[in-house]
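The values are calculated or read from the model by the stated rules, or taken from the named source; none is laboratory data. Just so it is clear, the model here is predicted, and its values are computed rather than measured. Cβ coordinates were reconstructed from backbone atoms using ideal geometry, including for glycine residues, and neighbour counts include every protein chain displayed.
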Amino acid sequence: MKAVFINANERKVEAVNIENELHAIYKQLGCDMIQCIDIGENHTLICDEEGRLRDWAMGFKLAGPTVIAGNALIVATTEDGDFADCQAPLCLFSRNVEFVDLKEHPLPPPKIGMAFIDGDLTEENLEKARAAAQCDLERQERE
C-alpha cells in the first residue's frame, strides 16, 4: 500500500510502500496500538494511540495546533473503512508538517475522566454518566 510516512524521529516526510497489515503498521510507527484520525478527503492519519503516554523525543503538527507524539502514516480509506493507497500528493503533507521537539516542548499530561453508569444502559443513564465525566474533566482543568 502506498502511504505517506511522517518520520518525526528523522524530521522527514516521505512516500513509502507498506504491507496493508496491522503488524506492518505497528512496526513502521514503532508502537503497539494505533489511533486513526480522519483528515478529510477520504484520508486517515494513523498514529500511536499511546503516544502521549510514551517517551517520544519528537512529534509534529499537521496544519493545526494539535501535536501528535511520534511518527504517523497517512493512507486513503475506502467506503468500508479499509486502508488503501494514499491518493494525495506527498507535497501536500510535507509542506504542512511542523516538527516539534517534545523534550523542549513537552505535551501536557493526558486528561482522564471516569464516570459510572448507575442502573441499566439506557440513553438517560448514559447521558448522566457523560455529564459526570465532563464535570470531572472540568474540575481537573481548574486544579
Filter result for Ala15 (outside any loop (DSSP other than H, G, I, E, B) and either without any contact (Cβ under 8 Å) to a residue 24 or more places away in the chain or not assigned by TED's automatic domain parsing to the domain that holds Gly81 (or both)):
no
Counting only residues in the range 22-71 that are under 16 Å from Lys103 (Cα atoms) and aromatic (Phe, Trp, Tyr), the one modelled with the lowest pLDDT is identified as Trp56
Which one is nearest to Lys2 (Cα to Cα), of the residues in the range 49-62 that are part of a loop (DSSP other than H, G, I, E, B) and under 14 Å from the mean Cα position of the chain (by Cα)?
Glu49
